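Engineer: One structure coming up, written as structure tokens, with questions to follow.
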Amino acid sequence: MGRSVDYRMLLRITVCTMLVSTACQPQTDLEDEKARLLQMDRDCAAASVEVGFVEAYYRYLAEEATVMPPGQNPLSGREEIYATWKEEAGDDVLEWEPQDGGVSQSGDLGWTWGNWVFTTTDEEGQSQRSYGKYVFIWKRVDGDWKIVANIWNDSPEPE
């Protein structure tokens with residue numbers, strides 16, 4: 001006498017197994033996403049040189065962004081950051097190069113850090129440079145990476 005197969009039970013087990021195995025697979029290739037995020041940082045840095053750092057930041061900032069300048073109170077909100085910096089920037093040039101970064105397991109948050117050079121012109125027309133390091137915290141907004149936080153401080157001049 002043959003055994004009968006409960007096809008409904010077999011189908012349920014198959015579907016559950018597929019769902020569990022799919023849920024356990026990473027949804028984002030974290031190394032590819034890290035490379036993409038570092039490229040976004042490089043693109044923002046290139047825009048800083050092309051159109052000025054205030055305009056570049058504006059393109060890459062999330063609406064709820066916060067920046068934490070050394071020795072000053074934080075600025076919050078894309079529009080407030082833009083308005084404040086637009087008033088103060090002048091012809092100053094901010095250049096930077098990301099060094100490393102990472103992406104959260106969920107693929108929706110990331111960070112980059114790097115070194116910057118800030119060039120201003122003093123009252124005698126002499127170029128003055130300062131150097132430092134930064135951290136950007138990035139968040140995926142509508143599929144694109146946007147900066148939600150930025151903190152930086154000074155470093156000695158590189159050798």
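The values are calculated or read from the model by the stated rules, or taken from the named source; none is laboratory data. This is a predicted model, so every value here is computed, not measured. Glycine also receives a Cβ, built like all others from the backbone with ideal geometry; neighbour counts cover every protein chain displayed.
Engineer: Go through region 41-55 residue by residue and tally those that are within 14 Å of Y134 (Cβ to Cβ) and modelled with pLDDT of 95 or more.
Structural biologist: Of the residues in that region, 5 qualify.
Engineer: I'd like to know if region 135-152 contains one or more residues that are among the aliphatic types (A, V, I, L, M), farther than 14 Å from D41 by Cβ and in contact (Cβ under 8 Å) with a residue 24 or more places away in the chain. Give the derivation first.
Structural biologist: If we filter region 135-152 for residues that are among the aliphatic types (A, V, I, L, M), which is where we start, we get 135, 137, 141, 147-149, 151.
Add one more test, that the residue is farther than 14 Å from D41 by Cβ, and what stays is 141, 151.
Next, from what is left, pick out any that are in contact (Cβ under 8 Å) with a residue 24 or more places away in the chain: 141, 151.
Scanning region 135-152, I find at least one residue that is among the aliphatic types (A, V, I, L, M), farther than 14 Å from D41 by Cβ and in contact (Cβ under 8 Å) with a residue 24 or more places away in the chain, so the answer is yes.
Engineer: Among the candidates W138, W116, W85, single out the residue that is surrounded by 16 or more Cβ atoms within 10 Å (Cβ to Cβ), modelled with pLDDT under 95 and not aliphatic (A, V, I, L, M).
Structural biologist: Result: W85 is the single residue among W138, W116, W85 that is surrounded by 16 or more Cβ atoms within 10 Å (Cβ to Cβ), modelled with pLDDT under 95 and not aliphatic (A, V, I, L, M).
Engineer: Determine if region 69-80 includes at least one residue that is in contact (Cβ under 8 Å) with a residue 24 or more places away in the chain and closer than 23 Å to Q39 by Cα.
Structural biologist: no
Engineer: Ok, one more. Name the residues in region 35-81 that are polar (S, T, N, Q) and more than 11 Å from the chain's Cα centre (by Cα), would you?
Structural biologist: Across region 35-81, the qualifying residues are S48, T66, Q72, N73, S76.
Engineer: Further question on the same structure: When you check V148 against the structure, is it closer than 24 Å to Q39 by Cα, more than 12 Å from the chain's Cα centre (by Cα) and in a strand (DSSP E or B), yes or no? Walk me through how you get there before you give the answer.
Structural biologist: On the way: closer than 24 Å to Q39 by Cα: yes; more than 12 Å from the chain's Cα centre (by Cα): no; in a strand (DSSP E or B): yes.
Answer is no for this residue.
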